[in-house]
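The values are calculated or read from the model by the stated rules, or taken from the named source; none is laboratory data. Note that the structure is a prediction, hence the values are computed from the model and not measured. Backbone-built Cβ (ideal geometry, glycine too); neighbour counts: all protein chains shown. For the accessible areas, the whole protein counts, side chains as well, though only heavy atoms, and no ligand, DNA or RNA atoms are used. Shrake-Rupley method; radii C 1.70, N 1.55, O 1.52, S 1.80 Å.
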Amino acid sequence: MGINSQGLRTTIYKVDDLAEAKSWYERAFGVSPYFDQPFYVGFDIGGYELGLLPEKVEGIRTENVLTYWAVEDITDAYDKMVSHGAKELETPNDVGEGIKVALVKDPWLNVIGLICNPFFKQKSS
């Protein structure tokens, strides 16, 4: 028997400049953080948490964990991310049955997944 999962709740990106990252994510998602401290910045994005954790690291982050954020219009979301300075990684594409995905990298090399899935409906509380 598996865990009693309630779905995606939090994804955390490690950044070397917390203030700059906070500003970038505010612009990219169009929301202000609900929690803003020198040790952690948290955003409520559609009922899910995007957290920023300070980390002084140089080099490339591993890409073994991937989080997809649900969007209604994948092309619009992708274009907005890129217009805010994200690097193109995988342009929007249909992976089957109308499900579309895309990937970008934020300025700190974290991979951000975007998904438009017409079959997934978020459960109401």
When every residue in segment 9-33 that is hydrophobic (A, V, I, L, M, F, W, C) and touching a His at 6+ places or on another chain (Cβ under 8 Å) is compared, the one nearest to Tyr68 (Cα to Cα) is Ala28
Note: among Tyr13, Tyr34, just one is open to solvent by less than 60 Å² (accessible area, probe 1.4 Å) and of a type in the set (Phe, Trp, Tyr), namely Tyr13
The residue that is modelled with the highest pLDDT, considering only those in segment 40-62 that are charged (D, E, K, R) and touching a Lys or Arg at 6+ places or on another chain (Cβ under 9 Å), is Glu49
Taking segment 5-35 and keeping only residues that are of a type in the set (Asp, Glu) and at pLDDT 95 or above, one is left with Glu20, Glu26
Flagged in segment 100-120 as closer than 16 Å to Gly46 by Cα and among the β-branched types (Val, Ile, Thr), in numbering order, are Ile112, Ile115
When segment 94-123 is checked residue by residue, the ones that are modelled with pLDDT of 90 or more and either acidic (Asp, Glu) or farther than 14 Å from Tyr68 by Cα (or both) are Asp94, Asp106, Pro107, Trp108
With criteria (1) modelled with pLDDT of 90 or more; (2) surrounded by 14 or more Cβ atoms within 10 Å (Cβ to Cβ); (3) closer than 16 Å to Asn110 by Cα, Trp69 comes up short on (1)
